[in-house]
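Here is the structure we will look at, set down as structure tokens.
The values are calculated or read from the model by the stated rules, or taken from the named source; none is laboratory data. Since we're looking at a predicted model, the values are computed, not measured. Ideal geometry is used to build each Cβ from the backbone, glycine not excepted, and the neighbour counts take in all protein chains shown.
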Amino acid sequence: MSQLSKVQSAVPGYDTKDFETYFQKPRPEMLRYVPQQASVVLDVGCADGGFGQLLKAERDIEVWGVEPTEKAALVAAQKLDKVIQGFFDSDINLPKNTFDCIIFNDVLEHLVDPYSALVYSKELLREGGVIVASIPNVRYFDNIWNLLVKKDWQYIDYGILDRTHLRFFTQKSILSTFETLGLSVRCIEGINPVEQEHPGHSKKFNILNKILFNSIKDMRYLQFAVTAIPQKNQQT
């Protein structure tokens, strides 16, 4: 039976977002990063529970969610095993050493302190547990094109410059952030490439990347998918 524990009101700024276009994105491209052997997972910023619902449809798994927005949390509570409405920090008192995988699908960039969130995650993971994250790439070609060519940096309702983004990451800074926090990155892969998201810029990117000897290959991707484990969990 799904449960909803309401502990906090919605995040300021989210009340203006369109529910269908913002909170109903199940992110199927991230399913393959969740370990097959995971039996209990935590989806942080679970939105309407769409990603967890996909997980439960394809395997026998228990999915918990944390979601600060009330409307989304209420919907997610009908899909997942347990949903807590609130912000992801130690005040919500999640059980330690419980989860095989903790998921952040485009969530860390919204947090005032994503670093503490990652550190807190280590307390919640079982031995051998994994953190999975999708993190927007501020060096994405479309964003840099708008900055350098159009001389523009406009905050909008979604995308790299979502007006509710508080932090920005590159592939390099993702790696350094995780390593600094005692998390060993096992995989970092670009997802949602420019030819898929902004086909009009694909040719420009390919030409420029070739001229620059593939030195801007990281700019091809809208996000990076990351898997990491606490360093104490590494096999010796």
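Points to keep in mind about this one:
- Evaluation of THR98 against the conditions (1) surrounded by fewer than 20 Cβ atoms within 10 Å (Cβ to Cβ); (2) of a type in the set (Val, Ile, Thr); (3) in contact (Cβ under 8 Å) with a residue 60 or more places away in the chain shows that the sole unmet condition is (3).
- Residue in segment 49-72 that is surrounded by the fewest Cβ atoms within 10 Å (Cβ to Cβ), counting only those that are within 17 Å of the chain's Cα centre (by Cα) and more than 13 Å from PRO26 (Cα to Cα): PRO68
- Filter pass, SER134 being at pLDDT 95 or above and in a strand (DSSP E or B): yes
- Leading residue by the ranking (nearest to the chain's Cα centre (by Cα)) among those in segment 186-207 that are surrounded by fewer than 16 Cβ atoms within 10 Å (Cβ to Cβ) and hydrophobic (A, V, I, L, M, F, W, C): CYS187
- Any hit, segment 148-158, residues being in contact (Cβ under 8 Å) with a residue 24 or more places away in the chain and either under 25 Å from VAL112 (Cα atoms) or not hydroxyl-bearing (Ser, Thr, Tyr) (or both): yes
- Some residue of segment 107-130 being under 30 Å from ASN214 (Cβ atoms), in contact with a Phe, Trp or Tyr (Cβ under 8 Å, 6 or more places away or on another chain) and in a strand (DSSP E or B): no
- The set of residues in segment 208-220 being more than 16 Å from GLU189 (Cα to Cα) and either among the acidic types (Asp, Glu) or surrounded by 13 or more Cβ atoms within 10 Å (Cβ to Cβ) (or both) consists of LEU208, ASN209.
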